[in-house]
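Working notes, beginning with the structure itself.
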Amino acid sequence: MGEKFLIDGPDDAPVTILLAHGAGAPMDSASMTATAKVLAVAGFRVARFEFGYMAARRTAAGRKPPPRAETLNPEYKAAVAELGATAPVIIGGKSMGGRVASMVADDLHSAGKIAGLLCLGYPFHPPAKPEQLRTKHLAGLTTPTLICQGTRDEFGTREEVSGYALSKAIELLWLEDGDHDLKPRKSISGFSAADHLKTIAEAVAAWAGRLGR
């Protein structure tokens, strides 16, 4: 597989989760690393990869702005193919990474290449622009999907999302007082970031266990 993927968890795990990063932070950001570690402890094999524009930031090419999310669809499909997992695969990612995964999910699911979709902080709309929805394709989504979302995420709060037309294939896990990184304000919510990560891992394990049934 070369250097393309960061792998956590056992090689013989029954399910592999492939995660892409958000628009502005790399695959080895503190948030992505903490999430991968907790999912690995829950028994998953977790593979992280970077889109080309983000990988280029590690070289002399310097900083490139994120391209339009839909232009990354072929890169996500290529990553699934390159991963070459034999066990069932769940695709997803953080913010934009999850959004790109959601746009290729039905093609891959109908072809038998993935079992589900996991979005960590889905960007339902740009911050402060609730009218610019990124939900059209989510209404007809057929891939089993779990979206983990903070209740105060500026890309889509609990109140906002409750009014969206979302497919019945989508389950939502709401994390109390979580922001776009799913982190709560402990003094207000009584929860820590570690608490929410544990909740996510338990929820993903329970949800993944239902996928093949």
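Summary of values
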item	result
Complete set of residues in the stretch 136-150 that are crowded, with 18+ Cβ neighbours inside 10 Å, among the hydroxyl-bearing types (Ser, Thr, Tyr) and in a loop (DSSP other than H, G, I, E, B)	Thr143
Selected residue [in contact with a Lys or Arg (Cβ under 7 Å, 6 or more places away or on another chain) and among the aliphatic types (A, V, I, L, M)] from Ala78, Ala56	Ala56
Selection status of Glu176, more than 18 Å from the chain's Cα centre (by Cα) and free of Cβ contacts under 8 Å to residues at least 12 places away in the same chain	no
Residue in the stretch 110-122 that is nearest to Ala78 (Cα to Cα), counting only those that are in a loop (DSSP other than H, G, I, E, B) and touching a residue at least 60 places away in the same chain (Cβ under 8 Å)	Ala115
Criterion violated by Asp153 - all others in (1) over 18 Å from the mean Cα position of the chain (by Cα); (2) surrounded by 15 or more Cβ atoms within 10 Å (Cβ to Cβ); (3) acidic (Asp, Glu) satisfied	(1)
Hey, Glu202 over 26 Å from Glu131 (Cβ atoms), modelled with pLDDT of 95 or more, of a type outside the set (A, V, I, L, M, F, W, C) and surrounded by fewer than 18 Cβ atoms within 10 Å (Cβ to Cβ) or not	yes
From the options Val80, Val100, Val46, residue that is in contact with a Leu (Cβ under 7 Å, 6 or more places away or on another chain) and not in a helix (DSSP H, G or I)	Val46
Verdict on Gly84 being farther than 19 Å from Ala23 by Cβ, surrounded by fewer than 18 Cβ atoms within 10 Å (Cβ to Cβ) and more than 15 Å from the chain's Cα centre (by Cα)	yes
Positions within the stretch 1-25 being within 26 Å of Phe155 (Cβ to Cβ) and loosely packed, with under 15 Cβ neighbours inside 10 Å, in sequence order	Gly24
Residues (assigned to a loop (DSSP other than H, G, I, E, B) and within 9 Å of the chain's Cα centre (by Cα)) located in the stretch 13-35	His21, Gly22
Failed item in (1) among the polar types (S, T, N, Q); (2) closer than 21 Å to Asp179 by Cβ; (3) loosely packed, with under 14 Cβ neighbours inside 10 Å, with Ser95 passing the rest	(3)
Test result for Glu75, charged (D, E, K, R) and either surrounded by fewer than 13 Cβ atoms within 10 Å (Cβ to Cβ) or under 14 Å from the mean Cα position of the chain (by Cα) (or both)	no
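The values are calculated or read from the model by the stated rules, or taken from the named source; none is laboratory data. Everything quoted here is computed from the prediction, not taken from an experiment. Glycine gets a Cβ as well: all are built from the backbone with ideal geometry, and neighbour counts include every protein chain shown.
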